[in-house]
Amino acid sequence: MFSDQRHILGRDIPTEIAVLYAVVFVIAIGVTVWGYRTRGQRGELILRGASLVLCVLGLAVSGYIAYKALIVDEPFQCLGGGGGCSLVEQSKYARFLGIHMSIYGLIGYLTILGVTVWKGDNARLLTFGLSLFGFIVSLLLRYLELWEIHASCQWCVASAVLMTCLLVVNSVRLFGHYGIDDNQPVDDDHQPLEDDEVPDSADSPEPA
């Protein structure tokens, strides 16, 4: 089952590139866990920073594809050999409604980047929704590559990995930090005392 798709991935995605994808994903997961385990505003800032970095990387990937395909009008090359990128670029699925898919990628990453800068629960919810939409679109495009085009573009897969990381980061940002006060000082050393930690004046020794 899926033997043809495994063959396509093995042919068009060299081991070195696959390892690079895995490293990026593992780092994103590590930062996400760090942000989740960090309390309050500081944890939210960690996750927001991770989202910003991923968006910038996504813009770089989409920007490179757009530059090669639309400005210099050259087929963008896969790293480490392989012709999957050229095959995907020459397919009918490279454009939607007459617009190159890289332009949609640029718009998507720019939109997520802009919303990530905002504070508050509405911004976290919107960022999660946009990341989820981008993830679903990435899955659809990977399906078209493997089942219709029978080729895999390394740059497109890189974008899919980044969008998956964005979904993970922004999911934890939404569900792990929903309802926090974004205006509180970022200071973990001065957390408010819990009710049972407040000193009871009745138990305090009276002055002599």
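Readers should treat all values here as calculations from the given coordinates under stated rules, not as data from a laboratory. If you're wondering where the values come from, they're calculated on a predicted model, not measured in any experiment. Glycine also receives a Cβ, built like all others from the backbone with ideal geometry; neighbour counts cover every protein chain displayed.
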Using only helices, what value at 222 nm comes out for the chain when you add -39,500 (n - 2.57) per DSSP H run of length 4 or more and divide by the total residues, to the nearest 500 deg cm²/dmol? -21500 deg cm²/dmol
Label model pair Tyr67, Leu139: point-to-point distance (7 angstrom along the Cα→beta-carbon line) in nm is 3.2 nm
Residue-span extension gain [Asp181 to Thr111] - 0.36 nm each, minus C-alpha spacing: 22.8 nm
Filtering the chain for DSSP H helices with an axial alpha carbon extent of at least 27 Å and a Kyte-Doolittle mean of at least -0.5 returns 15-37, 40-66, 121-143, 154-177
Which order do peptides 45-51, 35-41 fall in by mean Cβ count within 10 Å, highest first? 45-51, 35-41
Max mean-square fluctuation residue, GNM over the chain, Cα-Cα springs under 10 Å, options Leu87, Leu174, Leu140: Leu140
Taking a ≥ b ≥ c as the square roots of the Cα gyration tensor eigenvalues, with a/c under 1.5 meaning rounded and otherwise prolate when a/b beats b/c or oblate if not, region 1-128 comes out oblate
Stokes-Einstein D in µm²/s, Kirkwood radius over Cα pairs - region 83-136 at 37 °C with 0.692 mPa s viscosity: 258 µm²/s
